[in-house]
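J.: Take a look at the following structure, please.
Nothing in this text is a laboratory measurement; each read-out follows from the coordinates by a stated rule. A quick note: this is a predicted structure, and the numbers were derived from the prediction, not measured. Methodologically, a virtual Cβ is constructed for each residue, glycine included, from the backbone with ideal geometry; neighbour enumeration extends over all protein chains shown.
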Amino acid sequence: MSVLKKFFKDTIIYGIAAILPRAINIGLVKLHTAVFGTEKYAVNTEYYVYAAYLNALLTYGMETAFFRFFSKEQEKGKVISTSFTTLVFTTVIFLILGLNFAPNIAETFGFKEVMYVKILVWTVFLDTIVVIPFAYLRVTNRPIRFAGIKIANILFLTVLNIIFLWVIPNGIVSENILPDSLNFYVKGEAQVIYIFLANAFASVFTIILLFPNILKIKWAIDKAVLRKLLIYGLPIMIGSLAYVTNENIDKLFLGDMIGDANMGKYAACYKLGVFMTLYITAFRLGAEPFFFNHAKEKNAKNNYATILKWFTILGATFMLIVVSYIDLFANILISQKEYLDALAIVPIILLANLCLGIYNNLSIWYKLTDKTSYGMYISIFGAIITIVFNVVMIKHIGFMASAWATLIAYGSMMIISYILGQKHYPVPYNLKKIFVYVLIATLFSAIAFYDTFRGNYGITTALVLVFLGIIYLSERKELKRLLRK
């Protein structure tokens, strides 16, 4: 089997691991938007914004550093034990401090209940512990076990959401099945806290499934290895915090500047852009260990160029399909019509996430050359654009400002990364084809969404078929060659 064919095969498996859980999670949006109004949904959104920041902070780039040095170091056991033990040690400290100062944190960040903070601390603690065990499954080419655990986790999470938000509030099962300490929050209706509890219990379930793998890891820290991991990983952490800012700070700004109801609408419709996020995540899960493991091969750079081209082709196709049938997707996934006021952000968010996916592929240049500080600077630049554009423009154009800020930030990061990458680690990307595919998909998406053809599924289907035809005519020789290998 060729290197590229194996890559695409593993990526499909990782894709199932990423897409199926997230697809089910998208389905939960329908439950959440049916149960909660826009303001309560905003509380849920804000909670997970803080969770995203904590995840980036507590992993401090260790996952990417693990991939880099696992493929580079001779004594791989030291890389595993050092990265895992270090993460557990620092996360335990976070757990102790977080639980101890929960009342102060709740007051500072405006949480309505101290219990929200305690659940958040426990959930982030549990999610951080499994970072290296999951990374080890990926780097050692065990995508099936990886996928199985991820899917089991989301199924468990889904069952808990249904029980907490529908079964118990509707009296189908007595609320007495819950511990007395939790019955305080059951007042004949669904409570936002149950979403948080469901995630915490699902994290415990994941730990149990990964426990056989965790038992095999030695508890030891090699100072020399740790130093390398931290030097490489800390700039990644700062870049990750900047990325979380790009993805989430807009929601906090919207809540403060134009109200929680508008933020809730934006956050719900933003979820429709998750179709592209699913694709990006699936690709990244397969690509990141692949890029590191095959960096020394003769045709590595040509393979990277081919991967980016096909990533762009598939991503542009997904974008066009989602926009062409956007009203169908929205009606399926969102229960209350008031949320649909923000539907106009979706095409912009999809294009922004496609730019982000291209940027993630391009970023291999600073990861392979150990120049991760460049990634940090690029991400900070994107975060500054996001913050400034939101602060200045939200008061003028509302939540559309946040969508445009996301596109401008990710588009700028993509361009800067390409220019710098060609200087430090030149890869023969087919820039002309990539640009043409994105341009055509964007134009067709605009016709399908903004023109008089919206909702005319005969026309929009024709646009999708024409785009697929263009791809086939242009790429049929390479596609046949890849399939034969």
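J.: What shape does the chain take by its C-alpha gyration tensor, where a ≥ b ≥ c are the square roots of the eigenvalues and a/c under 1.5 counts as rounded, a/b above b/c as prolate, and the rest as oblate? It would help to have the intermediate numbers written out before the result.
T.: Details: a/c = 1.56, a/b = 1.09, b/c = 1.43.
In terms of gyration-tensor shape, oblate.
J.: Rounded if a/c is under 1.5, else prolate if a/b is larger than b/c, else oblate: which is the stretch 57-161, with a ≥ b ≥ c the root eigenvalues of its Cα gyration tensor?
T.: It comes out oblate by the Cα gyration axes.
J.: Right, here's the next one. Amide H neighbours of residue 142 under 5 Å, counting only residues 5+ apart in sequence or on other chains, H built in-plane at 1.01 Å?
T.: Under 5 Å from the amide H of residue 142: no residue qualifies.
J.: Now for a different question. Show me 420-429, 433-442 ranked by packing, highest mean number of other Cβ atoms within 10 Å first.
T.: Numbers: 420-429: 15.3, 433-442: 17.6.
Highest-to-lowest ranking by the protection proxy: 433-442, 420-429.
J.: By average Cβ neighbour count within 10 Å, what is the ranking of 158-167, 228-237 from highest down? All intermediate terms of the calculation are to be shown ahead of the outcome.
T.: Values: 158-167: 18.4, 228-237: 20.2.
Going from most to least packed, we get 228-237, 158-167.
J.: Using a ≥ b ≥ c from the Cα gyration tensor of the stretch 390-485 (square roots of the eigenvalues), is it rounded, prolate or oblate, where a/c under 1.5 gives rounded and otherwise the larger of a/b and b/c decides, a/b for prolate? The partial results should precede the final answer.
T.: Working: a/c = 3.74, a/b = 1.15, b/c = 3.26.
Here the stretch 390-485 falls in the oblate category.
J.: Next question. Extending each Cα 7 Å along its Cβ direction at residue 430 and residue 166, get the distance between those two points in nm, one decimal.
T.: Here the modelled spin labels are 4.5 nm apart.
J.: Once R0 is set to 60 Å, what does the formula 1/(1 + (r/R0)^6) return for the Cβ-Cβ distance between residue 393 and residue 89, expressed as a FRET efficiency to the nearest 0.05? Before the final figure, lay out each step's value.
T.: Details: r = 43 Å, r/R0 = 0.72.
E(calc), rounded to 0.05, equals 0.90.
J.: While we're on this one: Kindly state, to the nearest 0.05, the FRET efficiency for residue 400 paired with residue 466, given R0 = 41 Å and r defined as their beta-carbon distance. Provide the component values of the computation, followed by the final result.
T.: Numbers: r = 29 Å, r/R0 = 0.70.
Efficiency, from the Cβ-Cβ distance: 0.90.
J.: Which helices, taking whole DSSP H runs in the chain, have alpha carbons extending 27 angstrom or more along the helix axis plus mean Kyte-Doolittle at least 0.5? It would help to have the intermediate numbers written out before the result.
T.: Working: long enough: 3-35 (48 Å, 0.98); 38-59 (32 Å, 0.02); 76-100 (37 Å, 1.30); 143-162 (29 Å, 1.46); 193-215 (32 Å, 2.05); 223-258 (50 Å, 0.75); 274-293 (28 Å, 0.98); 300-324 (36 Å, 1.04); 372-397 (37 Å, 1.47); 400-424 (36 Å, 0.82); 431-450 (28 Å, 1.76); 457-484 (35 Å, 0.69).
Length and hydropathy pass: 3-35, 76-100, 143-162, 193-215, 223-258, 274-293, 300-324, 372-397, 400-424, 431-450, 457-484.
J.: Then there is this: Taking 0.36 nm per residue of separation and subtracting the Cα-Cα distance, what length does fully extending residue 224 through residue 107 add?
T.: Details: separation 117, 0.36 × 117 = 42.12 nm, distance 4.09 nm.
Gain on extension, residue 224 to residue 107, equals 38.0 nm.
J.: Next question, about the same structure. Hey, with R₀ at 25 Å, roughly what FRET efficiency would residue 422 and residue 314 work out to, going by the Cβ-Cβ distance, to 0.05?
T.: Working: r = 23 Å, r/R0 = 0.94.
Working from the Cβ atoms, E equals 0.60.
J.: Put a dot 7 Å past each Cα toward the Cβ at residue 481 and residue 207; how far apart are the dots in nm?
T.: 5.1
J.: How much length would be gained if the chain were fully extended between residue 457 and residue 231, taking 0.36 nm per residue of separation minus their Cα-Cα distance, in nm to one decimal?
T.: Values: separation 226, 0.36 × 226 = 81.36 nm, distance 5.26 nm.
Result: 76.1 nm gained on full extension.
J.: A 18 angstrom limit on the alpha carbon distance is what I want to check against. Which of 301/367; 118/150; 265/337; 112/337 exceed it?
T.: Working: 301/367 14 Å; 118/150 24 Å; 265/337 10 Å; 112/337 27 Å.
In this structure, 118/150; 112/337 lie more than 18 Å apart at Cα.
J.: Which Cα, out of 344, 169, 397, lies furthest along the positive dipole direction of the chain (beta carbon charges, K/R +1, D/E -1)?
T.: The Cα lying farthest towards the positive end belongs to 344.
J.: What value in Å³ per residue do you get for the convex hull of the alpha-carbon atoms in the stretch 307-463? Walk me through the numbers before you get to the answer.
T.: On the way: hull volume 19.5 nm³, N = 157.
Cα convex hull per residue, to the nearest whole number: 124 Å³.
J.: If you find the alpha carbon centre of the stretch 430-469 and of the stretch 399-422, how far apart are they in angstrom?
T.: Taking the Cα centre of each part, the stretch 430-469 and the stretch 399-422 sit 21 Å apart.
J.: Let me ask another. Spin-label point model (7 Å from Cα, Cβ direction): what's the residue 439 to residue 332 distance in nm?
T.: 3.2
J.: Quick one: dipole size for the chain, taken about the Cα centre, charges +1 on Lys/Arg Cβ and -1 on Asp/Glu Cβ, in debye to the nearest 20. Please list the in-between numbers first.
T.: Details: 44 positive and 26 negative charges, 512 e Å.
The dipole of the chain has a size of about 2460 debye.
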